[in-house]
Each structure stands twice: as C-alpha cells, then as structure tokens.
1. Within the stretch 148-158, is there a residue that is in a helix (DSSP H, G or I) and under 18 Å from G190 (Cα atoms)?
2. Restricting attention to the stretch 146-168, which residues are surrounded by fewer than 16 Cβ atoms within 10 Å (Cβ to Cβ) and either at pLDDT below 95 or in contact with a Cys (Cβ under 9 Å, 6 or more places away or on another chain) (or both)?
3. Considering the stretch 53-68 alone, what residues qualify as being buried (at least 24 other Cβ atoms within 10 Å of the Cβ) and either at pLDDT below 95 or in a helix (DSSP H, G or I) (or both)?
4. Being assigned to a helix (DSSP H, G or I) and either at positive phi or acidic (D, E) (or both) is the filter here; which residues of the stretch 110-143 pass it?
5. Return the pair list, or none, for Cβ contacts closer than 6 Å from residues in the stretch 29-51 that are without any contact (Cβ under 8 Å) to a residue 60 or more places away in the chain to residues that are hydrophobic (A, V, I, L, M, F, W, C) and part of a helix (DSSP H, G or I), at least 6 apart or on different chains.
6. Residue by residue through the stretch 13-29, note down the ones that are farther than 20 Å from N90 by Cβ and part of a loop (DSSP other than H, G, I, E, B).
7. Can you name the condition, by its number, that Q108 falls short on among (1) under 14 Å from the mean Cα position of the chain (by Cα); (2) at pLDDT 95 or above?
8. Consider the stretch 77-93. How many of its residues are out of contact with any Phe, Trp or Tyr (no Cβ under 7 Å at 6 or more places or on another chain) and either at positive phi or surrounded by fewer than 24 Cβ atoms within 10 Å (Cβ to Cβ) (or both)?
Amino acid sequence: MTQTVWIARHGNRLDFVNPEWFNTAERPYDPPLSSDGIEQAKQLGQRLVGEGIVHIFASPFLRTVQTANEVANLLDLPMKLESGLSEWLNPDWMATAPERLSLDVLQQCFPRIDRSYTSCVIAHYPETSDRVLQRTAQTVQRLTAEFSEDILLVGHGASVVGCTQGLVGGTPEVKASLCCLVKLVRQEQGWFMELNGDTSHLSKSEQVIRFHPSSPVETPVIISADISNRR
C-alpha cells in the first residue's frame with residue numbers, strides 16, 4: 001500500500017515582521033500570519049492542487065490554522081485541528097501555557113474546520129525538546145494508522161522535524177523553513193523522504209531559517225535534531 005504524507009510549516013509570522021507586536025498582543029504566544037505569510041500560504045495551496053490530498057490536519061495555533069485554511073480553500077477540503085501538531089510548548093519561550101482562540105471563535109472565522117474531529121494526541125505544557133519530538137512522532141504515526149489516504153499536516157518547525165522523524169526513523173536533517181514542504185511516501189519497504197523542506201513554490205523564501213523572533217541571522221539553513229531554537 002502506498003501513501004503520501006505532506007508536511008508543511010506555517011507561513012511568515014506577524015511577530016517576525018514586527019517584534020513589537022508581542023508587547024501589546026492579547027495572546028502574545030499565538031501570533032497570526034503576516035501579510036506576506038498569507039501570500040505564502042496561498043502559494044502553498046496552489047502547489048498542492050492536483051496532488052490527491054484527501055485530509056488536512058493543522059495545529060490549533062492561529063498561524064497554522066490560517067495557513068491550512070488557504071490550502072483548504074484551494075483544495076475545497078475541510079480541515080481538522082490536531083493538538084498533537086501544536087507548537088513546542090517550551091517554558092523558555094512561554095512563561096505560561098499559551099492562550100489561543102477557542103474552537104468556537106476559530107470556526108466562526110474559518111468555517112472549513114471540521115468540528116466532528118477529535119485530536120488523537122493532546123499537547124501539554126511544559127515540554128522538553130525530547131517530549132515534543134516524541135509527541136509529534138506519535139501524532140503522525142497515529143494519523144497514518146487511522147487514515148490511509150494522502151494527507152497534509154500543517155504545523156511548526158518542531159512539528160515538521162518530529163513528524164518526519166516519526167515516519168522515516170532516525171534523526172534526518174530537515175529543512176524546516178517557513179511554508180516549506182516535506183513529502184514522505186510509504187512503500188512496501190517503509191517511508192521515504194522525497195522532498196526535504198522544499199520552497200520552490202514560494203515567490204520569496206528565507207535564506208536563513210527562523211524559529212523565534214530573537215533568533216540570530218546566523219541560524220543554519222539545515223536544522224538537525226537539536227530543536228532548541230525552533231518555533
């Protein structure tokens with residue numbers, strides 16, 4: 001049996017463009033997409049038209065829901081919010097568990113959300129780096145066991161790395177830049193990575209990979225299993 005799992009990171013974040021947003025934000029740990037991030041999400045959706053995706057799963061954070069929604073509109077699909085794909089709940093980044101928009105409010109804004117879906121894994125604050133990798137690996141393993149069709153997962157930097165490792169095994173280097181695509185294909189011998197952080201669908205892509213508003217510009221383009229600077 002063959003199956004394709006696409007894994008995408010969200011588009012550019014408002015606090016990457018305007019770091020001062022954090023200081024006055026009502027929900028500072030749940031930034032929305034920036035205007036160019038929305039454009040990236042649309043380009044991601046255009047890239048995935050015709051790829052045969054049947055289900056879209058997204059982290060419940062606003063920026064990932066916004067990204068998934070642009071794709072869902074172009075593919076004419078519902079989207080399922082999956083807690084297991086959530087941001088790394090790192091206490092060094094977040095003084096408390098992050099406050100997010102309620103499901104009711106999200107669905108008012110994004111009617112494509114499938115309210116009948118229940119997350120297969122629940123993320124809990126706080127998390128270590130090992131725990132977030134375990135959580136996201138467990139999530140993708142459960143999803144591919146339950147859904148045999150081709151699927152898209154929309155998450156965060158750590159989600160992209162953890163989900164990829166959860167299927168292909170080991171600690172492969174994953175290029176988890178903004179609005180990138182990883183393509184994993186299941187064949188009889190196991191899972192293989194056909195695309196690693198592809199950004200060819202974007203009109204503009206970052207030259208360095210950012211995971212936090214304060215990340216230095218020297219952040220390497222290829223990220224290994226050390227996810228201490230990912231967001």
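1. No, the stretch 148-158 contains no residue that is in a helix (DSSP H, G or I) and under 18 Å from G190 (Cα atoms).
2. Of everything in the stretch 146-168, just one residue is surrounded by fewer than 16 Cβ atoms within 10 Å (Cβ to Cβ) and either at pLDDT below 95 or in contact with a Cys (Cβ under 9 Å, 6 or more places away or on another chain) (or both), namely E146.
3. Across the stretch 53-68, the qualifying residues are R63, T64, V65, T67, A68.
4. Scanning the stretch 110-143 gives a single hit, D130.
5. From residues that are without any contact (Cβ under 8 Å) to a residue 60 or more places away in the chain, the pairs are P31/L14; P32/L14; P32/L62; S34/L14; S34/V17; G45/V71; G45/L74; V49/L74.
6. Restricting attention to the stretch 13-29, the residues satisfying the condition of being farther than 20 Å from N90 by Cβ are 17-18, 20, 24, 26.
Within the stretch 13-29, N18, E20, E26 qualify.
7. Here Q108 clears every test but (1).
8. Qualifying residue count for the region: 7.
The values are calculated or read from the model by the stated rules, or taken from the named source; none is laboratory data. In this text the structure is predicted, and so the values were computed from the model without any measurement. Glycine gets a Cβ as well: all are built from the backbone with ideal geometry, and neighbour counts include every protein chain shown.
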